[in-house]
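Novice: This is the structure, below, for whatever I ask next.
The values are calculated or read from the model by the stated rules, or taken from the named source; none is laboratory data. Being a predicted model, the structure only gives us computed values, none of them experimental. Every residue, glycine as well, gets a Cβ built from its backbone with ideal geometry; the counts of neighbours run over all protein chains shown. We work out accessible area using only protein heavy atoms, side chains counted, and drop any ligands, DNA or RNA first. Shrake-Rupley method; radii C 1.70, N 1.55, O 1.52, S 1.80 Å.
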Amino acid sequence: MKQLPPDTVRLLSSSQVITSVTNVVKELMENSLDAAASVIDVKLENYGLDRIELRDNGCGIKAADTAVMAVRHYTSKICNHEDLEHLETYGFRGEALGSICAVAEVAITTKTGDEDISLQYALDFKGNIVSQKPTHLGQGTTVSVLKLFKNLPVRRQYYSSTKKCKDELKKVQDLLTAYAIIKPELRLTFTHNKVVVWQKAKVPDHRSALVSMLGSSTVANLLPVHHHQEEPEIILDGLFPRPGADYSSTSSSLPDKTFIFVNSRPVHHKEVMKLLRQHYSAQYPDEAAKNRYPISMLKISVSASSVDVNLTPDKTQVLLLNKESVLTAVEALLVSLYGFRPDSIPQIGNQPDDASPLPTGTSQAFSETREEASPQISALNREEDSPNDELSAAKNNVSLDRQTSNGSSSSSVAEDWIVNRNLVGLESTLSLCDDAQNPTTKEQEDSSRLVGDRKEEQFSAEAWSKGTSLSDPVSGKPLQPVQIFKPSISEENGPRGSAVKNVITEKRAALTAYDLISSRVVRAPLSPAALFEKEARAKVLSENPTASREDINSTIQERWENLREEERKKFEEKAQKQLKHHEHVSKMAEGHKEKVPGTPKSIKRKAPLSNQQLLDELFSAQPQKKMKNATQKRTQPLSCSVAGLRLRLQRLSSQSQAPPQGPLLVNRLASQSSWVILYGQKLMLLNPFRVEETLLFKRLLENNVLPAVSLQNPIELTDGNLGAENFMALCNMEQQTLELSRASTISDPRLVANGFQVTISPGPASAPRNLEVTAMADCVPFLGVEDLREILTAVVRRKAQSVKECRPLKVTNYLQGEAVRLARQLPTNLSREDVKDILHRMERQLEQRVRTRSTKQMCLHREFPNAKVRS
C-alpha cells in the first residue's frame with residue numbers, strides 16, 4: 001500500500017465538498033452572512049462555469065488573517081469541538097474556500113473598517129497567496145471564482161447540455177430565495193450574464209420577504225402562526241395557507257416553495273415535509289391535492305446543542321436530538337390550524353409501549369382541558385363502561401383545540417374558524433353517540449320511515465293524470481305547475497315610451513368612491529379623520545409590522561381621539577381645501593355642459609358600434625342598398641410620370657450652375673414626426689429630435705463639468721496603479737496651490753471636467769510628492785482609477801488637448817444618456833420656426849454635415865406609390 005500524494009488527497013476531498021455551482025454559491029453566501037453583511041450581490045457568467053462573483057459589505061478579512069484565509073481547516077467560527085454546542089454561524093469547518101481553490105481559480109478582494117484601502121489577492125490551488133494589488137472597492141469582501149471544475153473534465157462535461165445548466169441555475173435561484181426569506185433585512189441581487197434576474201430590497205419581516213419573492217397574490221392566502229413549548233424548548237413560527245383556500249393558488253406541484261428552516265438554516269426534512277403535506281391535503285377531497293406541496297414557511301428554533309449540522313457536506317440535512325418532540329409540536333400547530341382528522345393523519349413513527357410521555361406543555365393542556373370541559377362532555381367521558389373509547393378521545397381532542405395552557409400555546413388568525421368547526425363536529429359526534437347507544441330504536445325508526453315512504457309513493461294513475469297525486473304538506477292543496485312571468489309589450493317598452501336602461505353601459509355614481517366629472521374620474525374629497533388615518537397607518541405599520549388589522553384600526557382611532565386641537569385643525573383645513581377643489585371642478589364641468597347644446601343630462605359610456613347592418617348584408621337573401629355618403633370628398637386625379645419628373649429635374653440641373661443651397665424646409669410628415677427638406681437638388685427626411693440629441697451630446701462633451709464629491713477615504717495614486725508615463729504626465733499638469741496649506745490641486749480642465757480632484761501634498765524624503773484622489777463624481781456609476789488612467793493615456797499617447805478628446809468611455813456613455821433624456825423633454829409637435837432654428841444650429845455647429853444618422857435620402861414615390869392630389 002502507498003500513501004496518496006497531498007495534491008491528490010486535496011482534490012478528492014474538495015470534489016466531495018464542491019459538487020456543483022449551487023454548492024459554491026451556498027458556501028460563499030454563508031460566509032457573507034456570517035460576516036454580518038446587509039447587501040450581497042451574486043453574479044454568474046455562463047451558468048457559473050466561467051465566473052461566479054459574490055460581493056458583500058460585511059466586516060471583511062483582517063490583514064493578519066489573509067495568509068491563511070483559504071487554507072483548509074482554518075476558520076474564525078469555532079476553536080474546538082465543544083463550540084458546536086453553542087454554534088451561531090452557518091459555517092464552522094473551514095473547508096469552503098480551500099476546496100474551491102482546488103477546483104477553480106480564486107481571487108479575493110477584502111477591506112475592513114479600519115483599513116485605508118482594499119487589496120485583491122490571487123490564490124493558488126492550495127489556498128496560498130500568489131500576488132496582491134490595491135483596488136478601489138469599499139468595505140467588505142468580493143470572491144471571484146473562475147473556470148470552475150477546470151481540472152475535473154468529467155464533471156464539467158456534465159454541464160454540457162443546456163437543460164442541466166438551466167436546472168442548476170434554478171437551484172441557485174431557489175437557494176437565494178430561501179436566504180432572502182429567512183433574512184428580511186438582507187438586500188440581495190442576482191445577476192446572470194450581466195442581466196439582473198431578480199433583486200430583493202430590505203423589508204421588515206418574513207411576510208414582506210415572501211411578498212417580494214412570491215408575489216402579493218400568493219401571500220394574501222397565507223396566515224401567520226406561532227407555537228411555543230417550554231420543555232423541551234421549541235419555538236415554531238411560519239406562514240401557512242388559509243384553511244379552505246383554493247389549493248391551486250396555495251400549493252405547488254414541486255417542493256421549491258415549501259421552506260423549512262432549523263435555527264435559520266434552510267434544510268430538507270422528510271418527516272416535517274410529510275406532516276405539512278398530510279395536514280394540508282386532508283382538507284381537500286380532490287385526489288389532485290394529495291400530490292401537491294403547500295406554499296408555506298416554517299421556522300423551527302431549538303437549542304444549538306440539540307442539532308447536529310455536520311451530517312452532509314452541504315449541511316442541508318440535520319439530526320434533531322428531540323425529534324419526536326419537534327414532530328409532535330409541528331403536528332399540534334397544524335391541528336390548531338387545520339383541525340383534527342384521525343382518518344387522514346397517521347401516527348408519527350412506531351412508538352413502543354414504554355415510550356416517553358408527551359411534552360410537559362401538551363400534558364398540561366390535556367389536564368386543564370379535562371377540568372374545564374363542559375358538563376355534558378365530562379359526563380360522557382366518565383362513562384367507563386361505554387364501548388365508545390374512540391368517541392371520548394375525539395371529544396378530548398376537540399376540547400383540547402379550544403384551550404390554552406401555560407406550557408404550550410398556539411395562535412393563528414383562524415382560531416375562531418377552528419372553534420366553530422369543532423363545535424359542528426361535536427354536535428354530529430353526539431348524535432352518533434345517541435345512535436350507537438340505542439341501536440334498536442334507530443332501526444325501528446328507519447323501518448317505520450321506510451314503510452311510510454312506500455305508502456306515500458303508492459298513488460293511482462287517475463290521480464296522477466288529474467294532477468292531484470302530489471299535495472302541499474302545509475295547505476293540503478294539490479301542487480300547481482310553475483308559472484313563468486312574461487312581461488307585456490307596454491311593460492317591455494317602459495312607461496310613456498322611455499328607453500330601456502342598460503345596466504352594463506350605465507354606471508351609478510352611488511356604487512363607487514369616485515365621481516365622473518367631464519369624462520374624467522375624480523376622487524371624492526376625504527374627511528379629516530380619513531386624512532389622518534391615511535398618514536397614521538404608515539407610522540403604525542412601521543412601529544409594529546406584525547400588528548393585525550383590528551389592532552391597527554383601534555390604534556388609529558385612539559390616536560385620532562387623543563389628537564391635539566392644533567393638529568386636528570390642520571387636517572380639517574386639508575379636508576376643506578379638497579372639498580373646495582372638488583366643488584370647483586364640478587362647477588366647471590356643469591358650465592361646460594350648459595355651453596354645449598344637446599348634451600344629455602346623465603353621462604353614459606359610449607356603447608360600441610353595432611355590426612347588425614353588415615350582418616344583414618351578409619346573411620339576407622336580398623342585400624340592402626348601400627347608403628350614399630352625403631359628404632363625399634372631391635378628388636381630381638392628375639397625370640404624373642416619375643420618368644417625366646426625372647427628365648425635367650435633369651434639365652433644370654443642367655441649366656442651373658449655381659452652388660447648392662443649404663437645407664430648406666418643405667413640409668412636415670405627421671405620421672412620421674419628421675420633416676421633408678430640400679438639400680440642393682435632393683429630397684431628404686429630417687428627424688429634428690435626433691438632430692437636437694446630437695447637438696446636445698456635442699455640447700455636453702465639450703462644456704459639461706461633472707461635479708466632484710469628497711471621498712471619505714482618499715485613493716492613493718502611484719506609478720504602480722497608473723503607469724510610469726501616466727504618473728509623470730499627471731505630476732506635470734497645471735496645478736493650483738491651496739490657501740493655508742502646502743498642498744496643491746491639479747486644476748487641468750481635462751481632469752476637472754471628468755469629475756476628478758487630485759491633491760498633491762509633500763511627502764517624506766523617499767517620496768517627495770504624494771498624490772491622492774480626494775474627490776470624484778458620483779453621478780457616473782463605477783467611476784474609478786481605471787478611468788483616470790484612460791484620461792492620462794489619451795493625454796500621453798494621443799496628445800489630446802481638449803476636454804472632448806479626453807472623455808473616458810464611462811463618462812461618454814453617461815453624457816450620451818443625458819443628451820437623450822434632455823431631447824425627450826422637447827414637445828411632440830415642433831413648429832416650423834423651431835425646426836428652422838435646429839437646422840441653423842446644425843449648420844453652424846456640425847459644419848454643414850447634414851448627412852448624419854438623423855437624416856437619410858428617400859424617394860417620396862417609393863414611400864407613397866398611390867399618392868393622390870386632393871382639391
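Novice: Leaving out ligands and nucleic acids, and using a 1.4 Å probe, what accessible area per residue does the stretch 134-287 come to in Å²?
Specialist: 48
Novice: Across bins of 5 angstrom width beginning at 0, how are the C-alpha pair distances of the stretch 791-850 distributed, in whole percent?
Specialist: For the stretch 791-850, the pair-distance distribution reads 4, 15, 13, 16, 20, 14, 10, 5, 3, 1.
Novice: Additional query: How much length, in nm to one decimal, is gained on full extension between GLU230 and VAL154, taken as 0.36 nm per residue of separation minus their Cα-Cα distance?
Specialist: Numbers: separation 76, 0.36 × 76 = 27.36 nm, distance 5.15 nm.
Between GLU230 and VAL154, full extension yields an extra 22.2 nm.
Novice: Another question, then. What translational diffusion coefficient, in µm²/s and rounded to a whole number, does the Stokes-Einstein relation yield for the stretch 5-95 at 25 °C and a viscosity of 0.890 mPa s, taking the hydrodynamic radius as the Kirkwood radius over Cα pairs?
Specialist: Here the translational diffusion coefficient equals 166 µm²/s.
Novice: How large, in percent, is the carbon and sulfur part of the accessible surface of the stretch 1-121 at a probe radius of 1.4 Å?
Specialist: C and S fraction of accessible area: 52 percent.
Novice: With a 1.4 Å probe and all protein chains left in place, how much accessible area per residue does the stretch 17-102 have, in Å²? Spell out each step's value before the answer.
Specialist: On the way: 3610 Å² over 86 residues.
Solvent-accessible surface per residue comes out at 42 Å².
Novice: Next question. Can you tell me the FRET efficiency between ALA245 and ARG651 if r is taken as the Cβ-Cβ distance and R0 is 60 Å, rounded to the nearest 0.05?
Specialist: 0.10
Novice: Across the stretch 140-155, in residue order, what do the Karplus-derived ³J(HN,Hα) couplings come to in whole Hz, using 6.51 cos²θ - 1.76 cosθ + 1.60 with θ = phi - 60° and x for Gly and Pro?
Specialist: With the stated coefficients, the stretch 140-155 comes to x, 9, 10, 10, 10, 10, 10, 6, 5, 6, 5, 9, 10, x, 5, 6 Hz.
Novice: Then there's this: Over 29 Å between Cα atoms, which of LYS163/LYS194; LYS202/LYS580; LYS147/LYS171; LYS166/LYS200; LYS77/LYS166; LYS202/LYS534 qualify? Let's see the in-between values first.
Specialist: Values: LYS163/LYS194 20 Å; LYS202/LYS580 41 Å; LYS147/LYS171 20 Å; LYS166/LYS200 21 Å; LYS77/LYS166 34 Å; LYS202/LYS534 23 Å.
Pairs exceeding the cut-off: LYS202/LYS580; LYS77/LYS166.
Novice: Give, in nm to one decimal, the length gained when the segment between SER548 and LYS570 is fully stretched (0.36 nm per residue of separation minus the Cα-Cα distance).
Specialist: Result for the pair: 5.1 nm of gain on full extension.
Novice: Right, next: Among 206-219, 88-101, 541-554, what's the highest-first ranking by average C-beta atoms within 10 angstrom per residue?
Specialist: By packing density, highest mean first, the sequence is 88-101, 206-219, 541-554.
Novice: Would you please put 800-812, 45-57 in order of how densely packed they are, using the mean number of other Cβ atoms within 10 angstrom per residue and starting with the highest?
Specialist: Averaged packing, sorted descending, gives the order 45-57, 800-812.
Novice: Oh, and also: So, with a 1.4 angstrom probe, what is the percent of accessible area on the stretch 744-805 that is carbon and sulfur?
Specialist: 54
Novice: With a 1.4 Å probe and every protein chain kept in, tell me what percent of the accessible surface of the stretch 155-257 is carbon plus sulfur.
Specialist: Using a 1.4 Å probe with all protein chains present, the stretch 155-257 comes out at 51 percent carbon and sulfur.
Novice: Please give the contour-minus-distance gain from GLU843 to LYS580: 0.36 nm per residue of separation, less the Cα-Cα distance, rounded to one decimal in nm.
Specialist: 89.3 nm
Novice: Taking the Cα centre of each part, how many Å lie between the stretch 181-231 and the stretch 26-86?
Specialist: About 23 Å separates the Cα centre of the stretch 181-231 from the one of the stretch 26-86.
Novice: Continuing with this model, one more query. Suppose R0 equals 35 Å; then what is the FRET efficiency for ASP65 and ARG742 from their Cβ-Cβ distance, rounded to the nearest 0.05?
Specialist: Efficiency at R0 = 35 Å is approximately 0.35.
Novice: What FRET efficiency would be calculated for the residue pair LEU311, GLU772, taking the C-beta separation as r and a Förster radius of 51 Å, to the nearest 0.05?
Specialist: On the way: r = 52 Å, r/R0 = 1.02.
Using R0 = 51 Å, I get an efficiency of 0.45.
Novice: Tell me, what ³J(HN,Hα) does each residue in the stretch 268-277 have, in order and in whole Hz, if you take phi through Karplus 6.51 cos²θ - 1.76 cosθ + 1.60 with θ = phi - 60° and put x for Gly and Pro?
Specialist: 10, 10, 5, 5, 5, 4, 5, 5, 4, 5
Novice: Over all alpha-carbon pairs of the stretch 684-750, lay out the pair-distance distribution in 5 Å bins, whole %, shortest bin first.
Specialist: Going out from 0 Å in 5 Å bins, the stretch 684-750 shows 3, 11, 12, 17, 17, 11, 8, 7, 6, 4, 2, 0, 0 percent.
Novice: Treat every Asp and Glu Cβ in the stretch 134-290 as -1 and every Lys and Arg Cβ as +1, leave all other atoms uncharged, and give the resulting dipole magnitude about the Cα centre to the nearest 20 debye.
Specialist: Result for the stretch 134-290 is approximately 1140 debye, rounded to the nearest 20.
Novice: If you don't mind, another one. Once Rh for the stretch 189-262 is found with the Kirkwood sum over Cα pairs, what is the Stokes-Einstein diffusion coefficient at 37 °C and 0.692 mPa s, in µm²/s?
Specialist: Details: Rh = 14.6 Å.
My calculation gives 224 µm²/s for D.
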